[in-house]
Amino acid sequence: MEEATPDLSDSMRKIVRACLPNAQRVIDRFHIQKLACDAVQEMRIRYRWDAIQEANDEMEAAKFSDQKYEPLRYANGDTKKELLARSRYLLFKSSERWTDTQKQRAEILFREYSDLNTIFRTRSE
């Protein structure tokens, strides 16, 4: 029996079906892992846009109340926007390969966004 390992696009599925009608389609680990990584990154980006909007709203409120805007900073010095921007690469790495800074950032990130932790841990298994 023939096997084909296309990417997960609909066009590749159609090509394999047309050119190799008797082949069994096999989805490889790389494509599954890529889908999981993409999902984690999409979620991180969505949270980052929310954090940007939240910071903009807080800056506007501070401006109207004639106060200086001071964003919340976590123990590592990051604001919420910075935390989400700077955690991009740690989400691609195995946690065993994190630097001390990335470990601290991940601890804060996963405490604040537990669903990112759940997806990250599931992806890593």
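Within the set of pairs 6+ apart or on separate chains, which have a first residue in region 1-23 that is farther than 22 Å from Gln33 by Cα, a second that is among the polar types (S, T, N, Q), and C-beta atoms under 8 Å apart?
Met1/Asn22; Met1/Gln24; Glu2/Asn22; Glu2/Gln24
Each row is one residue, and each column tells you yes or no for (1) closer than 30 Å to Glu2 by Cβ; (2) loosely packed, with under 12 Cβ neighbours inside 10 Å; (3) within 11 Å of the chain's Cα centre (by Cα); (4) of a type outside the set (A, V, I, L, M).
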| residue | (1), (2), (3), (4) |
| --- | --- |
| Arg25 | yes, no, no, yes |
| Gln33 | yes, no, no, yes |
| Arg46 | no, yes, yes, yes |
| Glu70 | no, yes, no, yes |
| Lys93 | no, no, no, yes |
| Trp98 | no, no, no, yes |
| Ala106 | no, no, no, no |
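Look at Ser94 and say whether it is within 30 Å of Ser9 (Cβ to Cβ) and of a type in the set (S, T, N, Q). Give the derivation first.
Numbers: within 30 Å of Ser9 (Cβ to Cβ): yes; of a type in the set (S, T, N, Q): yes.
Yes.
Could you tell me whether any residue of region 17-25 is modelled with pLDDT of 95 or more and polar (S, T, N, Q)? Step through it out loud before you land on a result.
Here is the first cut: in region 17-25, the residues modelled with pLDDT of 95 or more are none.
Scanning region 17-25 turns up no residue that is modelled with pLDDT of 95 or more and polar (S, T, N, Q).
So which residues in region 78-91 are small (Gly, Ala, Ser) and either surrounded by fewer than 16 Cβ atoms within 10 Å (Cβ to Cβ) or assigned to a helix (DSSP H, G or I) (or both)?
Going through region 78-91, the residues small (Gly, Ala, Ser) turn out to be 85, 87.
Within region 78-91, just Ala85 meets the criteria.
Met59 passes all but one of (1) part of a loop (DSSP other than H, G, I, E, B); (2) of a type outside the set (S, T, N, Q); (3) modelled with pLDDT of 95 or more; which number fails?
The one condition Met59 does not meet is (1).
The values are calculated or read from the model by the stated rules, or taken from the named source; none is laboratory data. Since the model is a prediction, treat every value here as computed from it, not as a measurement. Cβ atoms come from the backbone with ideal geometry, glycine included; neighbour counts cover every protein chain shown.
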